[in-house]
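Here's the structure, in structure tokens; my notes come after.
Just so it is clear, none of the values below were taken in a lab; they were calculated from the coordinates. Bear in mind the structure is a predicted one, so any value in this text is a computation, not a measurement. Counting neighbours? That spans all protein chains shown, and the Cβs are built from the backbone with ideal geometry, glycine included.
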Amino acid sequence: MQHLDVIVALLSVLGLAVIADQLTGRRSLDQALLVGGVGALCGAFLAVRVFAVGTLDGWLWVGWALGGAVLCLFAHFLFRSTR
């Protein structure tokens, strides 16, 4: 399985978005998926290109991607306006 880390990262971000949507009770899964995906991309970019702590061949970037997704989901539901 050459791309197992990518599959694990995608499924983990999907799971985080579903959990965040259910915990907040907002029922806006599409927004949670978008924010979680963008956060994961930013976290992976930080790990690979900015801080150079890992490569896309290893598993370290997956943790950074999940950390970015969690941070962005938290910020999204914290600062989201509810009219």
Report summary line: the range 9-83: relative contact order from alpha carbon pairs under 8 Å, six or more residues apart, as a whole percent, is 34 percent
Query - GNM flexibility winner over the chain from Val35, Val70, Val53 (Cα, springs under 10 Å) - result: Val53
Requested in this report: Please determine, in degrees from 0 to 90 and to the nearest 10, the orientation of helix 29-45 with respect to the longest principal axis defined by the Cα atoms of the chain, where the helix direction is its Cα long axis.
Outcome: 30 degrees
Query raised in the report: Could you give the angle, 0 to 90 degrees to the nearest 10, between helix 4-24's Cα long axis and the longest principal axis of the Cα atoms of the chain?
Result: 20 degrees
Query - Point-to-point label distance, Val6-Leu23, nm (Cα→Cβ direction, 7 Å offset) - result: 2.9 nm
